[in-house]
1. Once fully extended, how much extra length lies between residue 365 and residue 234, figured as 0.36 nm per residue of separation less the alpha-carbon to alpha-carbon distance?
2. Collect residues whose amide H, placed 1.01 Å from N in the peptide plane, falls under 5 Å from the amide H of residue 278; neighbours closer than 5 in sequence don't count.
3. With +1 on each Lys and Arg Cβ and -1 on each Asp and Glu Cβ, how big is the dipole of region 1-101 about its Cα centre, in debye rounded to the nearest 20?
4. Based on the Cβ-Cβ distance from residue 74 to residue 291, what FRET efficiency comes out when R0 is 35 Å, to the nearest 0.05?
5. If I model a spin label at residue 346 and residue 161 as a point 7 Å from the Cα along the Cα→Cβ vector, what separation in nanometres do I get?
6. If you bin every alpha carbon distance in region 152-271 into 10 Å steps from zero, what whole percent lands in each bin?
7. Calculate the tail of P(r) for region 1-98: the fraction of all Cα-Cα distances greater than 25 Å, expressed in %.
8. For the chain, find the longest principal axis of its Cα atoms and tell me its angle to the long axis of helix 141-150, 0 to 90°, nearest 10.
Amino acid sequence: MNKRKLELYEDLFQKMGPGTNKVTIEQIATAFMCSERHTRTLLKQMSEMNWLTWAPARGRGKRGQLNCVVEPIDACYAQVDKAIDSAKYEQAHQLVSFNKRDAAVGLKQYLERTSSQNDRTIYAPFHRKIGPLHPHKSIERTERHLIHEVFQTLVTYDGSELIGDLAHHWESDKGHMNWTFHLRSSAIFHDQSAVTAIDVVESLKALSLSVYWQRLYDHISDIEIASLHCIIIRLTTKDPSLPLLLSRAETAIMPKHSIYQPDMSYLPIGSGPFLVEVNSTRVLRLARNDQYSGHCALIERIELWIHPEWEQDKKCAENFFFLDGDENKYKVSTSDIGYFFILLNHSELQTTSIKNSLINLFQCNDQSSFEWPFPISFSYENNNENRNFARKLMSANSSINKKPIGRQHSYGRAVPNQDLAIGGIRLEGDRVTSLFAFFKLYPFWSKNLTWEQYDNLANTLNTIRKTESPTQKETLINGLITDLYNNNVLAIFKSESLTLTVPSRVRNVEINSIGWCDFAKLWVNPD
């Protein structure tokens, strides 16, 4: 790696400056702090890299001609380019930190520079490693968005209507208990194998075997292959909205051989508009799939560069942010991609006074003293907003000496035996379907509710599933939320919004129903 050479070159550049200088080999050796022999080796290597030219003079102590022709940061960026071309992403991270530079700042500056020179690739900073992109294991919003970029579902929801994706046509019987989906015969996985009914059947059947997802798909009794490109889904209870459920990320279709692969050997092979070229701890690179059965992406590549120090800049309201540099920008925003909630699990906490005090604390930072009946344990999700709510709760005044003890967890991995839970409800596509999924997937209702409350919850969800009218479904789900609020069990205290600040040359950015933007629609207007 040339990090040390970069540091030596910058030291030399700072002492000699750009342009031509008359210097002795001894002076250069002093700048390098090494022997004259090693100095000659370094000058030769730097000359071969086109950083400088060196014309020595004959005779000891004679002044040769040194010309530093490249700014040190440009020399660094050229080396980073080479490292990336060789897929040495860890080396790229190290290079931008030469001479004790902040790696996070240096990497972002490199990406800004590279982005401004490239209209075929969109670069973005990200704060954590992307998961394995397995549809059944991806819970975080970012991974679930990327599932839709890499894989296809039978249908998609664009915010207002269902659109065919892998399925070009679907229909049900009058009772909505038997659904038939006709598949596109042109769909091909990224490994060049054809997408067939068996892949669809095995992908969807696996949801019924999943400890996490089976609660949401517990009404699927069987999935049959009618032909090479046709399947039939049979239900135990009517579901007029099954296609909305099948537009969710976990229902994405994989090759049957990859469904149960362990994480170490799993490769995300889909049939969507982008294929995964690289998924390392440092970068996720998506490349356009030119054999996509739908509309091909306009941009050739999307690269998410990863550095943990960027997390401090991350908000739930900024799930994805473009490099903006100093150029003109525009904003794209939405006000409803999810909610934050408090769940009061212990019966002694289910009072109007405690519920309202918590809402005031989180909404208004009201530090009124809490009358806790006992020392509180609570859980919260591992994002900055929920951490902030947790800090408020732990620092609030209390009538007892012991502060509440918080336990952090990832989204969708609820912690048992907690007196309180702070978390989020993500709206992915249709609002009613998202709220329905939240209630079905939360694993501890039977422990936290009275038998009467639990019976009401189960019956309401069953009625929602069977109801045909979207308006009636909305009324039922809102009524369930109101009942739980009035019973001091669940309080939704804040909605989640999203704003993207976008460079003016990146066009067609629209926030989709998942709370991201569709990569396939993006394009770059060259300067």
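Every number here is computed from the coordinates shown, using simple stated rules; none is lab data. Not measured: the values here are computed from a predicted model. Reconstructed Cβ throughout: ideal geometry from the backbone, glycine too, with neighbour counts over all protein chains shown.
1. On the way: separation 131, 0.36 × 131 = 47.16 nm, distance 5.03 nm.
Taking residue 365 through residue 234 to full extension adds about 42.1 nm, to one decimal.
2. Hits under the 5 Å cutoff: 285.
3. Details: 16 positive and 11 negative charges, 111 e Å.
Computed about the Cα centre, the dipole is about 540 debye.
4. Working: r = 38 Å, r/R0 = 1.09.
Working from the Cβ atoms, E equals 0.35.
5. So the two model labels end up 5.2 nm from each other.
6. 13, 48, 33, 6, 0
7. Values: 926 of 4753 pairs.
Across region 1-98, Cα pairs with separations above 25 Å total 19 percent.
8. Compared with the principal axis, the helix lies near 80 degrees.
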